[in-house]
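Reviewing the structure listed below.
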Protein chains: 2
Amino acid sequence: MTEWFGDGRPCDTISADDRGFHYGDGLFETLAIRDGEPRLWDYHVERLQGSATRLGLQAPDESRLRSDLLSALDQSRADRARCVAKIVLTAGRGPRGYRRAGRGPATLLTGISDALTPSDSCYRHGVALRLCNTRLAVQPQFAGMKTLNRLEQVLARNEWTDDSVFEGLTLDTDDRLICGTMSNVFLISGQTLVTPAITRCGVSGVMRRHVLTLLDEAGLECSVRDVGVEELGSSDGVFLTNSQFGVLPARHCGKHTWQPGATFHRVAAMIRASGIEEGPV
Amino acid sequence: MTEWFGDGRPCDTISADDRGFHYGDGLFETLAIRDGEPRLWDYHVERLQGSATRLGLQAPDESRLRSDLLSALDQSRADRARCVAKIVLTAGRGPRGYRRAGRGPATLLTGISDALTPSDSCYRHGVALRLCNTRLAVQPQFAGMKTLNRLEQVLARNEWTDDSVFEGLTLDTDDRLICGTMSNVFLISGQTLVTPAITRCGVSGVMRRHVLTLLDEAGLECSVRDVGVEELGSSDGVFLTNSQFGVLPARHCGKHTWQPGATFHRVAAMIRASGIEEGPV
């Protein structure tokens with residue numbers, strides 16, 4: 001389970017009047033803690049604050065987010081060298097009804113959990129994927145954000161119980177490939193890469209952003225555009241990105257199989273050189 | 001505020017690990033309590049249980065729902081003759097991650113609040129509507145249900161602060177008229193009626209169902225089909241349905257104006273005759 005903290009104290013409950021509970025009126029971030037520090041902190045803060053602005057929520061400033069996080073880490077029993085932090089921001093308490101009443105204090109919770117680490121074999125040989133039946137609705141108003149409205153991801157993830165399947169890819173209701181239930185996806189063709197545009201639905205992951213930045217700096221071509229699901233079949237390789245595991249190659253999805261090739265290894269080495277040290281390169 | 005009860009006791013908090021809070025992994029019902037009894041109880045129970053099945057959630061049986069509700073009413077300070085009950089059902093507590101771990105106990109909360117009653121003038125002369133900019137995403141997998149994923153309704157309702165506007169109508173991303181933020185909508189042309197199909201998005205309200213049943217029994221024609229927003233302009237009248245207020249005529253929406261006419265009055269009289277006694281007929 002997760003240890004939760006709010007206002008600098010352990011906090012294992014929230015108000016039954018919280019708008020996060022009733023309406024999913026809020027946002028979250030899931031951060032990797034490495035050597036006591038949150039990884040890709042600036043990207044997480046930027047996404048949380050940018051999303052809060054889009055939803056009309058009050059976002060705490062960076063120093064408040066950071067002090068809450070460090071205070072939670074101080075009080076937690078988890079291994080500060082390697083654990084997971086989750087920040088949840090909601091519209092706070094309110095009376096019944098969709099209307100937000102005034103500008104009450106937001107709810108800010110920080111949770112600390114143990115890290116779950118994929119095996120070396122996942123990093124070396126790739127992970128098994130499936131295509132989910134659950135579709136992501138096209139809703140540009142929420143695209144990119146990690147809101148507390150996550151029923152699509154819940155239903156998609158609960159389509160399978162076979163632990164040999166690591167992740168499910170989700171399409172939108174127009175058959176475009178968007179992302180995994182908890183990851184973003186990149187497709188490789190020779191030396192060029194493509195990742196689905198996150199403009200209609202899906203989450204703009206911080207590790208996706210980091211990879212895109214590194215690719216750009218290295219002069220490696222990566223287009224961000226609409227991707228049809230059929231492009232999985234014409235790709236030389238596929239990999240996933242996520243704040244916790246970094247980059248993981250895919251081994252197969254349905255009838256398509258891949259092996260981590262030269263371009264994937266180049267990307268993985270770049271990621272490692274940037275300080276994201278997870279499984280084998 | 002609302003008084004909350006769980007497992008037969010007052011309960012003003014929920015676990016910080018509740019999946020309703022983190023993912024909106026749950027459902028709710030908002031019931032009108034009149035003379036100590038929940039109105040349209042069978043419809044509420046049927047929707048909650050049917051939706052739970054669709055989401056793969058464990059729903060309590062009718063007797064458990066009823067005993068929790070009556071116990072909450074017994075303990076509440078609200079006026080049992082006229083108040084609001086809210087039932088919230090979630091997937092319960094769970095570790096971090098979209099996957100539901102096993103079949104842990106669901107969370108079942110019952111909240112009691114004071115009733116908010118529209119003025120007699122609203123019932124006599126109609127209410128003002130607006131068209132919301134926030135669109136409902138097309139997601140047939142959730143259509144009809146009151147899930148805890150309600151950010152679209154929150155953003156739509158927070159588009160206006162002018163208290164003279166009673167309700168906002170929402171379109172889907174394909175420009176179809178679907179429903180209000182907290183109500184369903186019927187359009188009148190002469191003696192015939194139409195209400196939007198709730199097959200792609202929107203909530204299938206219990207009062208909408210009650211009205212459709214009464215219209216059918218009375219031999220009044222009402223089609224349930226896709227409705228373009230332009231049909232507002234060609235309608236003789238428009239009314240809203242909701243579990244609390246019953247039926248309310250609309251006075252205007254943007255440039256369109258209406259007056260409660262003969263067909264509306266016939267519907268309102270039918271509703272009253274069925275035992276739904278709210279404002280003036």
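The values are calculated or read from the model by the stated rules, or taken from the named source; none is laboratory data. Keep in mind that this is a model prediction, so the values were computed, not measured. We place every Cβ from the backbone using ideal geometry, glycine too, and count neighbours over all the protein chains shown.
Annotations
- Residue match in the stretch A:19-28 (condition: more than 12 Å from chain B (Cβ to nearest Cβ) and of a type in the set (Gly, Ala, Ser)): no
- Just so you know, in the stretch A:1-18 the residues that are within 14 Å of chain B (Cβ to nearest Cβ) and at pLDDT below 95 include one that is surrounded by the fewest Cβ atoms within 10 Å (Cβ to Cβ), and it is A:7.
- Restricting attention to the stretch B:94-144, the residues that are assigned to a strand (DSSP E or B) and more than 10 Å from chain A (Cβ to nearest Cβ) total 9.
- Test for residue B:163: is it under 25 Å from residue A:137 (Cα atoms) and within 13 Å of another protein chain (Cβ to nearest Cβ): no
- All positions within the stretch A:166-178 that are facing chain B (nearest Cβ under 7 Å) and buried (at least 22 other Cβ atoms within 10 Å of the Cβ): none
- From the list A:67, A:76, A:63, A:51, the one residue that fits, being crowded, with 16+ Cβ neighbours inside 10 Å, of a type in the set (S, T, N, Q) and more than 22 Å from residue A:143 (Cα to Cα), is A:76.
- Tally of residues being over 18 Å from the mean Cα position of the chain (by Cα), hydrophobic (A, V, I, L, M, F, W, C) and within 14 Å of chain B (Cβ to nearest Cβ) across the stretch A:29-59: 2
- The single condition among (1) more than 30 Å from residue B:140 (Cβ to Cβ); (2) within 7 Å of chain B (Cβ to nearest Cβ); (3) of a type outside the set (Ser, Thr, Tyr) that residue A:149 does not meet is (1).
- The number of residues in the stretch A:220-236 that are part of a loop (DSSP other than H, G, I, E, B), of a type outside the set (A, V, I, L, M, F, W, C) and closer than 20 Å to residue A:129 by Cβ comes to 5.
- The single condition among (1) farther than 16 Å from residue A:19 by Cβ; (2) at the interface with another protein chain (Cβ under 9 Å from one of its Cβ atoms); (3) in contact with a strand residue (DSSP E or B) (Cβ under 9 Å, 6 or more places away or on another chain) that residue A:87 does not satisfy is (2).
- Condition met for residue A:149 (in the same structural domain as residue A:249 (by TED's automatic domain parsing), assigned to a loop (DSSP other than H, G, I, E, B) and buried (at least 23 other Cβ atoms within 10 Å of the Cβ)): yes
- Scanning the stretch A:3-16 for residues that are part of a strand (DSSP E or B) and in contact with a helix residue (DSSP H, G or I) (Cβ under 7 Å, 6 or more places away or on another chain) yields A:5, A:10, A:14.
- Residues satisfying the stated conditions in the stretch A:120-140, i.e. out of contact with any strand residue (DSSP E or B) (no Cβ under 7 Å at 6 or more places or on another chain) and touching a residue at least 12 places away in the same chain (Cβ under 8 Å): A:120, A:124, A:133, A:137, A:139, A:140
- Test result for residue B:234, over 19 Å from residue B:271 (Cβ atoms) and among the hydroxyl-bearing types (Ser, Thr, Tyr): yes
- Residue in the stretch A:65-79 that is away from every other protein chain (no Cβ under 14 Å) and within 16 Å of the chain's Cα centre (by Cα) present: no
- Of residues in the stretch B:123-146 being closer than 29 Å to residue B:55 by Cα and among the small types (Gly, Ala, Ser), the one surrounded by the most Cβ atoms within 10 Å (Cβ to Cβ): B:137
- Those residues of the stretch B:231-270 which are farther than 16 Å from residue B:165 by Cβ, of a type in the set (A, V, I, L, M) and crowded, with 21+ Cβ neighbours inside 10 Å, in sequence order: B:247, B:267, B:268
- Between A:250, A:268, the distinction of being in the same structural domain as residue A:166 (by TED's automatic domain parsing), touching a Phe, Trp or Tyr at 6+ places or on another chain (Cβ under 9 Å) and more than 18 Å from residue A:179 (Cα to Cα) belongs to A:268 only.
- Some residue of the stretch A:182-198 being more than 18 Å from the chain's Cα centre (by Cα), farther than 19 Å from residue A:256 by Cα and within 14 Å of chain B (Cβ to nearest Cβ): no
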